[in-house]
Amino acid sequence: MKEKLEALKVEALAKLQEVTDPQLLNDLRVKYLGKKGELTEVLRGMGGLSAEERPVIGQVANLVRSAIEEIISTKQEAFQQQETLNRLNAEKVDVTLPGRRLPQGGIHPVSRVVREIEDIFIGMGYRVAEGPEVETDYYNFEALNLPKNHPARDMQDSFYLTEDILMRTQTSPVQIRTMQAMKGETPVKIICPGKVFRRDDDDATHSFQFHQIEGLVIGRHIRMSDLKGTLQQFVQEMFGPNTGIRLRPSFFPFTEPSVEVDVSCFKCGGHGCRLCKQSGWLEILGAGMVHPNVLEKGGYDPAEYSGFAFGMGVERVAMLKYGIDDIRYFYTNDMAFVKQFKGI
């Protein structure tokens, strides 16, 4: 039996040494070391050996098994290394080639203007306040001095979801919500950016959905001159240091007195051009002193506190700033239009 084991060892090592294929290596492993392999078959004859021969033959069998397993392990490792090398060669990347440029996006002009306006007012000590786009009739109208059946409501055709719930027509409800949350504390100094919704027919200057930014300041001894100085600072930072403003009397239910605010045309310097329709001025926003009724609804005594408010359409500002003549360009996803603002 010892001779059989030695002969098996010589045969197995010779064949394994010549193996160049992983599958053949596995076949030979099964042939010699498997449950029905040749080494197992030889060892089944140990039952006929004497007690003195069994330990000797067992030791020889272990040496044979170890020698076969060692060469199999060495071959397997060599095959794995070669496979890894082959994969690296097949998948390698030439790092000397220039990288593939990914398309670079840009900030939408409406978002750009919103951020610019926010930065200006944050620099003046304001904070940004936000509120729900689906609003109650109370916060959207009644708390802003627009009771039911008030004729001024006709100026804001609305998307009603129920008799008392609607898509907000302005960001003014955020002002009332903030005033109530402050519980009479001052100062209140906020801007309220966001989307608003009105039942307008889409044309070059109107859209059923657009963006507004409104501002509110409440405290003691707030005057119209404070409003004018604030707006003067804003337009000079937004449109240039030589930009002036003009206040014209107007009417808004939530402010008294109320004004329309024009800026001197930054294209012609106020001399008259196509942009300003030869007037030298551009209408940009509405403003005024907060109405006493609105102060009361917000939890402030109008005999002790006063304030001013203003509001502007973001698209209107963007159209003036960038010379855009149709509001619909902002929403049609025309890449030729949007790409113009990548480098701004």
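The values are calculated or read from the model by the stated rules, or taken from the named source; none is laboratory data. Given the structure is predicted, the values throughout are model-derived calculations rather than measurements. Ideal geometry is used to build each Cβ from the backbone, glycine not excepted, and the neighbour counts take in all protein chains shown. Only protein heavy atoms, including side chains, enter the accessible area calculation; ligands, DNA and RNA are left aside. Shrake-Rupley method; radii C 1.70, N 1.55, O 1.52, S 1.80 Å.
For the chain, the Cα gyration tensor yields ellipsoid semi-axes of 87, 27, 18 Å (square root of five times each eigenvalue, largest first, whole Å).
Note on the chain: GNM, Cα springs under 10 Å; of Asp325, Asp21, Asp137, the largest mean-square fluctuation is that of Asp21. Report the net charge of residues surrounding Phe337, where surrounding means a beta-carbon distance below 13 angstrom and charges are Lys +1, Arg +1, Asp -1, Glu -1. Once all neighbours under 13 Å are counted, the net charge is 0. Dividing the convex hull volume of the alpha-carbon atoms in the stretch 156-275 by its residue count gives 143 Å³ per residue.
Helix 53-91 and the long axis of the chain differ in direction by around 40°, with both axes built from C-alpha atoms. Exceedance of the 27 Å cut-off in Cα-Cα distance is limited, within the set Lys297/Lys321; Lys277/Lys342; Lys228/Lys277; Lys9/Lys35; Lys92/Lys339; Lys183/Lys321, to Lys297/Lys321; Lys277/Lys342; Lys92/Lys339; Lys183/Lys321.
Ordered from largest to smallest accessible area (heavy atoms of protein chains, 1.4 Å probe), the residues Asp262, Asp94 come out as Asp94, Asp262. In this label model, Asp21 and Leu97 are separated by 3.4 nm, measuring between points 7 Å along each Cα→Cβ vector. Can you work out the accessible area per residue across the chain, with the rest of the protein chains kept in place, probe 1.4 Å, in square angstrom? Per-residue value: 57 Å².
Counting heavy atoms of the protein chains alone, Asp201 has an accessible area of about 130 Å² for a 1.4 Å probe.
Rounded to the nearest 20 debye, the dipole magnitude of the stretch 251-344 is 660 debye, with +1 charges on Lys and Arg beta carbons, -1 on Asp and Glu beta carbons, and the Cα centre as origin.
Largest to smallest in accessible area, the residues Thr230, Thr171, Thr186 fall in the order Thr186, Thr230, Thr171 (1.4 Å probe, all protein chains included).
Relative to the Cα centre, the charge distribution of the chain, modelled as +1 at Lys and Arg Cβ and -1 at Asp and Glu Cβ, gives a dipole magnitude of about 680 debye. The trypsin sites (Lys or Arg not before Pro) of the stretch 160-249 that DSSP puts in a loop, and whose beta carbon has at most 14 other beta carbons within 10 Å, are Lys183, Arg199, Arg220, Arg223. Only protein atoms count toward the accessible area here, which uses a 1.4 Å probe; on the chain, the carbon and sulfur part of that area reaches 51 percent. Bridges between two residues of the chain, per DSSP, are antiparallel at a rate of about 95%. In terms of accessible area, using a 1.4 Å probe and ignoring ligands and nucleic acids, Cys276, Cys268 rank largest first as Cys268, Cys276. For the chain, modelled as a GNM whose springs connect Cα atoms under 10 angstrom apart, the maximal fluctuation among Gly215, Gly323, Gly313 occurs at Gly323. For the stretch 259-344, the list of GluC sites (Glu not before Pro) that fall in a loop by DSSP and count at most 15 other C-beta atoms within 10 angstrom reads Glu304. Could you work out the local net charge near Thr205, counting Lys and Arg as +1, Asp and Glu as -1, over the other residues with Cβ closer than 15 Å to its Cβ? Charge balance near Thr205 sits at -4.
At the residue level, Glu185 shows approximately 120 square angstrom of accessible surface with a 1.4 angstrom probe and all protein chains present. Potential lengthening of the chain between Glu116 and Lys148 amounts to 7.9 nm, from the contour at 0.36 nm per residue minus the alpha-carbon distance. Projecting the Cα atoms of Phe79, Tyr300, Ala129 onto the charge dipole of the chain, computed from C-beta unit charges around the Cα centre, puts Phe79 farthest toward the positive end.
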